[in-house]
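Here, each number is a calculation from the coordinates, and none is a lab measurement. Treat the numbers as computed from the prediction; the structure is a model and nothing was measured. Using ideal geometry, Cβ is built from the backbone for each residue, glycine included, and neighbour counts are taken over all protein chains shown.
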Amino acid sequence: MSLRQSLAVCIILILVFGGFQAVSAAPKKPVVVPGKSFLPLRVLARPFSNIYKSADEKSKIVQENVPVFQSYFVYSRPAIKIYEVKSDGWYEVGSDKRGNVIGWMKAEDVMEWKQTMCLAYEHPGGRRPVLMFDDLKALRTLVKLEEDERIEKTEEYYRQIESKKLPPNFPIISMEPKDAIDITEQFYLLPILEHAPFEIEGREGRLIKLASAPKSARGGGGNLKNPEPGLESGSNLESGSNLESGSNLESGSNLESGSNLESGSKKVSSNLESEMLKKLELDLVYVVDTTGSMGPYIKSTLDAIKNISLKISQDAKVDASVRFGLWGYRDSTDIPGIEYSTKNFTPKLQDVEGFEKTLSKVQVAKVGSKDYPEDVFSGMDKAMRETQWTDNALHIIILLGDAPSHQPGHKWNISGQSAETLNTFANDNKYSVIALHIKDPRATDFLDLAEEQFRSLSKNRGLDESSYFDVPSTDLVAFEGVSKTIADGLIGLVKEAKKGRLTMASASHGDESAKSRDSDAPKDEVAEKVRKLGYAALVDWIGREKGTQAPRDIIAWVTDKDLVDPAMPSMDVRVLINKKQLDSLRTVLQEIMSAGRRGIIGGEKFFDSLQAIPSVVSRAGDQIRNAKSMADTGLVPEFMDGLPYKSQIMNMSNDLWSSWSIDQQEEFLNEVDAKIQLYVAIHDEPLGWVPLTKGDDPDEFIYPLSLEALP
């Protein structure tokens, strides 16, 4: 054999065996959730669990005493029959789904987490902290009581917890901290292990079994009856979240009914909170219609700012802590002379003196729009996403306009968003919105639409009504009064905070002094609503500053309704979604948009239109031909299957589509398009994306998406 032939044989052998080795070394794939095709199964570690090198308790321990409720991907699963409760066997687990296997865990040491659903605490304003029951039976018994009995029993539970003297067989093992917990900054994991519907006072709610696993090494407290060993009496833990009989925890440092200040006019008693308040800063950004009709109101807003300037200049600490911004919006630049759709007048936020000069130079459009609506939604979208907000400040937006926005689907709504999707984004990212609607009696066809949009945009977390105000366009004096009251109220909040104290005589839920003012002058009503908004924002801010954590290492039963006032939601069901899943959901919605447009134009049945899209046919052509609804097509991402919410998209069928008028079909598609734009905003926003497991790639970071954000 020649040298050339020998080399050729060697190369062939290298390629053959190298290829074989490459194939054999292909990454192992995780087990999928039973009944799914792609959704990987996860398990949560129970307390005092180990990971072993092999499926043998005598083998080497790879990781000892792993974090409680740490999630792992499953690579091998013991055979478990349907409905069988089995605690023996072994799970092979890994840190990710890319084949990085760690070792083996005993079946008795893990819980299967078959759906990436979790909970987030609602804003604590106006409700009681969530009670966490050790046993489902006790919670079921409570919610089935008559209203008066249920309230009395629940109040008794709170009194017993506050007294730190728990009776034998007390059914509650933990309680939500009274301070707000920001899931975007202090990520906590409350996986849903089981859930069931129930009814309370005619409202549908859910009984939910959860595990509580904050990402920090130490949560906001643990078991009421068996506090975590080593916690010293008097440590800085939330009152009621980790109570020990006789412990020296100050109940006065937390807000009654979930707010962060005591009811009545007392000052905050905690030295920690007092020092925090002195650090409070405020970003106040105006989003203003700058079309021709708004000239007098921009001037009046300038007068309000001048009034603020006089007050701020007297206090250097306040002056240094408040910044202003201004976004103007008009209409499409397709209209000659309109100049801009949106404009940022303050690329860098300004002090009051600089802002006063900026506002004095704002000119209104010299030409009119072709129709009455403007591009309000784009103004709001840009203000939230492109303002250079100050970290750790209160972020408050004042929307000022007289016309509604172009709806989703309109070519001049550049953002593509709706009032609802913008409100979802605002609440998730802690933007508080005040809407001031100037009502022109001549625009009768648009008044209701504008009010509906402005109310939706100003629904703020922790408040039971929108922060919405309206004044007639014929009463400039009334506008001046409202505008000044809003600005004065927000600046007054900062002034009080700088003294290390705040009073809130009427912001507590159900406070009689607030109710008694319903018949007072409009100025008082405006001041009251602004005060409530400021305090709701402050509750979130204090929770973030304190780094309040969820209770840790707890498995418990809860309800998603307040047990005293079921009209108040206490918990928000969320889905943990990564960027790939978010992109796949956006792709499906884009395909639905294309099919819907084709169906409207050609009068085709919905699924016939869907089958005409090449990307759809390549993925699920056969399934679509036999599908009776979108849920049967195989197009909708698997993580949406089985979620506890009602979805028009999952139920979409030929019959449903055909039963709608063209206007209803257009409205549906416009809502779909608004969701698409929301997903783009969430995808591009760095806040809120967190690694679920250590070492996750950025594409595997997850976002706690609210069910309201799903299509």
**Request:** For the stretch 338-484, just say rounded, prolate or oblate: build the C-alpha gyration tensor, square-root its eigenvalues into a ≥ b ≥ c, call rounded for a/c under 1.5, and beyond that prolate if a/b exceeds b/c, oblate if not.
**Result:** rounded
**Prompt:** Fewest first, what order do T485, T474, T421 take by the number of other Cβ atoms within 10 Å?
**Reply:** T474, T485, T421
**Message:** Considering only C-alpha atoms, what is the centroid distance from the stretch 123-171 to the stretch 632-711, in Å?
**Reply:** 35 Å
**Prompt:** Across all directions of projection, what mean area in square nanometres is found for the Cα convex hull of the stretch 576-709?
**Reply:** 8.6 nm²
**Message:** Just to confirm a number: summing +1 for Lys and Arg and -1 for Asp and Glu over residues other than S473 whose beta-carbon lies under 11 angstrom from that of S473, what do you get?
**Reply:** -2
**the stretch 598-711, relative contact order [Cα under 8 Å, separation at least 6], %** = 20 percent
**Asked** Any idea how far apart D697 and D464 come out in nm if each label point goes 7 Å out from Cα toward Cβ?
**Response** 4.9 nm
**Fill in**
For K628, the lysines lying under 20 Å Cα to Cα, once residues fewer than eight places off in the same chain are dropped, come out as K36, K605, K646
**Item:** For the stretch 325-409: relative contact order, % (alpha-carbon pairs under 8 angstrom, 6 or more apart)
**Value:** 32 percent
**Prompt:** How high is the FRET efficiency between T333 and K165 when r is their beta carbon distance and R₀ equals 56 Å, given to the nearest 0.05?
**Reply:** 0.25
**Message:** Under 28 Å between alpha carbons: how many lysine pairs meet that in the stretch 348-437, if sequence neighbours fewer than 8 apart on the same chain are excluded?
**Reply:** 15
**Asked** Tell me, what ³J(HN,Hα) does each residue in the stretch 348-353 have, in order and in whole Hz, if you take phi through Karplus 6.51 cos²θ - 1.76 cosθ + 1.60 with θ = phi - 60° and put x for Gly and Pro?
**Response** 10, 4, 10, 6, 5, 5
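How would the stretch 42-113 be classified by its alpha-carbon gyration tensor: rounded, prolate or oblate, with rounded meaning a/c under 1.5 and the a/b versus b/c comparison settling the rest? Don't skip to the answer; put the middle values down first.
Details: a/c = 1.38, a/b = 1.25, b/c = 1.10.
Since a/c stays below 1.5, the shape of the stretch 42-113 is classed as rounded.
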**Prompt:** Can you give the charge dipole size of the stretch 279-498 about its Cα centre, rounded to the nearest 20 debye, using +1 on the beta carbon of Lys and Arg and -1 on the beta carbon of Asp and Glu?
**Reply:** 640 debye
**Prompt:** Using a Cα distance threshold of under 20 Å, what count of lysine pairs results for the stretch 42-113 when pairs must be 8 or more residues apart or interchain?
**Reply:** 7
**Request:** List every residue whose amide H lies under 5 Å from the amide H of G462, counting only residues 5 or more places away in sequence or on a different chain, with H placed 1.01 Å from N in the peptide plane.
**Result:** H123
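Compute the signed sum of charges (Lys and Arg +1, Asp and Glu -1) over the other residues within less than 9 Å, Cβ to Cβ, of A120. If you can, show how the numbers build up before the last one.
Details: positive: R574; negative: E122, D572.
Every neighbour counted, the sum reads -1.
Enumerate by residue number the trypsin sites (Lys or Arg not before Pro) in the stretch 605-689 meeting two conditions: DSSP loop (anything except H, G, I, E, B), and at most 16 other Cβ atoms within 10 Å of the site's Cβ. If you can, show how the numbers build up before the last one.
Values: sites: K605, R619, R625, K628, K646, K675; in loops: K605, K628, K646.
Taking the stretch 605-689 and a limit of 16 other Cβ atoms within 10 Å, the loop trypsin sites (Lys or Arg not before Pro) found are K605, K628, K646.
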**Message:** Per 0.36 nm of contour for each residue apart, how much would the distance between D88 and E356 grow if the chain were fully extended, relative to their Cα-Cα spacing?
**Reply:** 89.3 nm
**Request:** With 5 Å bins from zero, work out the P(r) of the stretch 124-198 over every alpha carbon pair and list the percent per bin.
**Result:** 3, 12, 20, 25, 19, 15, 6, 1
**Request:** Within the stretch 299-397, report the chymotrypsin sites (Phe, Trp or Tyr not before Pro) that DSSP leaves as loop and that have at most 16 other Cβ atoms within 10 Å.
**Result:** Y340
**Request:** Among L359, S313, S378, flag the residue with its Cα farthest along the positive direction of the charge dipole of the stretch 279-437, charges on Cβ as +1 for Lys/Arg and -1 for Asp/Glu.
**Result:** S313
**Message:** If I model a spin label as a point 7 Å beyond the Cα along the Cα-Cβ vector, how far apart are those points for I601 and K628 in nm?
**Reply:** 3.2 nm
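Exactly which trypsin sites (Lys or Arg not before Pro) in the stretch 296-351 are in a DSSP loop and have at most 15 other Cβ atoms within 10 Å? Could the numbers behind the result be given before it?
Details: sites: K299, K306, K311, K317, R323, R330, K343, K348; in loops: R330, K348.
When the trypsin sites (Lys or Arg not before Pro) of the stretch 296-351 are filtered for loop state and at most 15 Cβ neighbours within 10 Å, K348 remain.
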